[in-house]
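Only one structure is covered here, and it is reproduced in the block below.
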Amino acid sequence: MRGFGPSSPSMTSSAAAQETRPRWLRPEWLVAALVVIALALRLPLLGDPVWFDEACMSNQRIGTFDQLVATIYVDIHPPFWITFMHLWNRLFGDGEWSLRLPPLLVGLATIPLLFVTGRRLVGETAALWAAALLALSPAHVWYSAEGRLYTALAFTALLAVWSFGRILVRRDRRLWVFALHVLNIAVMLALHYYLAIYVVLLAAIAPLVARGFSRSALRLLCWHGFGLLLLAGFVFAKQRLGEFETSQEYLRELLPQGLYDLFFVWNWTGNALPPLGLHPALARWLPEGLALGLVGLGIVHLLGSQRRHRLGVYVPAFALTIPAFLVLSAWAGLGHTFIERSCLPSLPFFLLIVGAGIAWLPRRLGYAIGGLALLLAGAADASMYAHRQTHWTVYKPKPDWRAAARWLGEEIDRGGDGRAVFTSMPNARPLPYYDVRIQDEKNLLPPMTPDEIRAKVGKHLGSMVGDFAGRFFERFQAHNRALLEGAKLRLYKSRSEPDALRRGGHLGRGESDGICYLLQNLWHPPRDADTTVEDLLENPKVEVLESHEFPGIRVYKVRIAP
């Protein structure tokens, strides 16, 4: 089997061994089995209730063209994924399974791609171990069953490295390989801003890998530079015509301790590994120590096999690309830029290093250590399944919005039309996803008024384009107004005092008995950040008539006295 570099006697003997091994032990069959196992692990999560970010990808938020453009105007990400999901929903609907099918398919495809890319970077045995660990990875399982873009980040980063190696190391001059690389780079730049760092890194190392400014290296540099210029133009236009977010409050700084936890806790066991009946210190340091040891051995292996796997020495750089950028951002004073899922592209490369460490060990010891790593990943998966609605694992617990929306819908059917729902949580978008008769007033407020949009766009692009943008947002605002007018229950931000709810004009809309609902998210925001619902429940003017608890959510039916 050939690597990125020239063939060697060890590779020839490896290929010969492959011819004599049983068919079911050949790499392609093992990888196929891993994909089947990965599918079995991910399928049970596809029917979970959607949460806020997934609802943003539904027809509720991007169902019409007007909604799509308005979302692109304010969204923190480039436009590729939401545009894709808009078209996908029009073809296949936006049910729970349909929303999650694209990330699932991309996530499953990442497993064979990791093997194909990895065997050129670290060798066949190491790549097989990495693919097996990715199939069982709790973080990858979680995001393969979430209707968002994160598995696509990992897939496109891997594909870029694969095609980069084909072009510069194997000197593959076929047009389709180069076209695939350029197209994939375009998708990366339109998918997530952080992927631009991979585009820069690959351009920077192209002359090193090609051992000079060869024709292929120069072509790559030109196309990468062209794509980055287009992205810079998009960012500039977004800054001038709308808003370009450089941070969000729900994000945090990536500090050295966070960098360690990202690789040796989240990437390794998804932060979901149970104590396993061990002493707390041992339960933590056993898996982390194993990961540290394998990473150390893997780096030694990569450094010692540069002649056979020329691009393998860059695997640690591929793993650190985004995290290192975020550490530097925090050091430069740019906070609120990090969340683990945005670093998912680092996961496959981290596992390649781990796989290289396992492959460096003597065969029997390697099987034992690799088997232990797979057992730890399986235990983390089992814990994640069991506790995903009640404990923080890969991410915060999944509230059962579906059940809460069903109960509130039954309240509407029982005569609750016109009552208000007060909540301290920042957004309850999944409720209207499940029942359009429930609408959150805040969700339907446009980022700017049509006149403000008209003036801002017209200032830079002329009055004709400004008028077009203004009419566009007028249609968008009319659509939202129709949704709000058709709502039977409206959600509002809670306040600590009943009198403040009355002054807002929301309490008792259509009803005079003072009955309303309080929606308490048990996980977000933190109790010390917003206690308005708890304050209302302790107020003597608030009488609790009913209380219904669902995973992650508690709904109160209350009467507020004058």
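Each reported figure results from applying straightforward, stated rules to the coordinates on display, with no laboratory input. Note that the coordinates shown come from a computational prediction; the quantities given were computed from them, not determined experimentally. Ideal geometry is used to build each Cβ from the backbone, glycine not excepted, and the neighbour counts take in all protein chains shown.
Mind sorting out which of [x] 47, 30, 19; [y] 85, 28, 20; [z] 52, 23, 21 is the real semi-axes √(5λ) of the Cα gyration tensor in Å computed from the coordinates?
[x]
To make sure I understand the rule: partners must be lysines, Cα under 19 Å from the Cα of LYS557, and not fewer than 8 residues away in the same chain. Which ones qualify?
Partners within reach: LYS488, LYS493, LYS541.
Where a ≥ b ≥ c are the square roots of the eigenvalues of the C-alpha gyration tensor, would you call segment 200-344 rounded, which needs a/c under 1.5, or, failing that, prolate if a/b is larger than b/c, or oblate?
Because a/c hits 1.5 or more and a/b fails to exceed b/c, segment 200-344 counts as oblate.
If you put +1 on each Lys and Arg Cβ and -1 on each Asp and Glu Cβ, how big is the dipole of segment 120-237 around its Cα centre, in Debye rounded to 20?
Roughly 540 debye for segment 120-237.
Taking the Cβ of each residue in MET464, MET57 as the centre, tally the other Cβ atoms inside 10 Å and list the residues starting with the fewest.
MET464, MET57
Hey, how many Å between the Cα centroid of segment 64-102 and the Cα centroid of segment 338-401?
29
Name the shape class, rounded, prolate or oblate, that the alpha-carbon gyration tensor gives for segment 131-218, where a ≥ b ≥ c are the square roots of its eigenvalues, rounded holds for a/c under 1.5, and otherwise prolate holds if a/b is larger than b/c and oblate otherwise.
prolate
Give me the net charge of THR269's neighbourhood, meaning all other residues with Cβ under 14 Å from the Cβ of THR269; Lys, Arg count +1, Asp, Glu -1.
The answer is -3.
Treating only the Cβ atoms of Lys and Arg (+1) and Asp and Glu (-1) as charged, compute the dipole magnitude of segment 310-408 about its Cα centre; round to the nearest 20 debye.
Dipole size: approximately 200 debye.
For segment 32-41, just list the computed ³J(HN,Hα) in residue order, Karplus coefficients 6.51, -1.76 and 1.60, θ = phi - 60°, integers in Hz, with x standing in for Gly and Pro.
Values, residue by residue: 4, 5, 5, 5, 5, 4, 4, 4, 4, 6 Hz.
How many percent of DSSP beta bridges within the chain run antiparallel, rounded to 5?
Close to 60 percent.
Sort 120-127, 47-54, 397-404 by the packing proxy (mean of other Cβ within 10 Å over each peptide's residues), most packed first.
Per-residue mean Cβ counts within 10 Å order the peptides as 120-127, 397-404, 47-54.
Can you work out the Karplus-derived ³J(HN,Hα) for every residue in segment 47-56? Use 6.51 cos²θ - 1.76 cosθ + 1.60 with θ = phi - 60°, whole Hz, and x for glycine or proline.
Residue by residue, segment 47-56 yields x, 5, x, 6, 10, 3, 4, 5, 4, 5 Hz.
Looking at segment 401-560, what % of its DSSP beta bridges pair antiparallel, to the nearest 5?
Counting DSSP beta bridges with both partners in segment 401-560, the antiparallel share is about 60 percent.
Using helices alone, what [θ] at 222 nm do you get for the chain, with -39,500 (n - 2.57) per DSSP H run of 4 or more residues, divided over all residues and rounded to the nearest 500?
-19000 deg cm²/dmol
Please give me the summed charge of the neighbours of ASN59: other residues whose Cβ is under 9 Å from its Cβ, Lys and Arg +1, Asp and Glu -1.
Residues close to ASN59 contribute a combined charge of +1.
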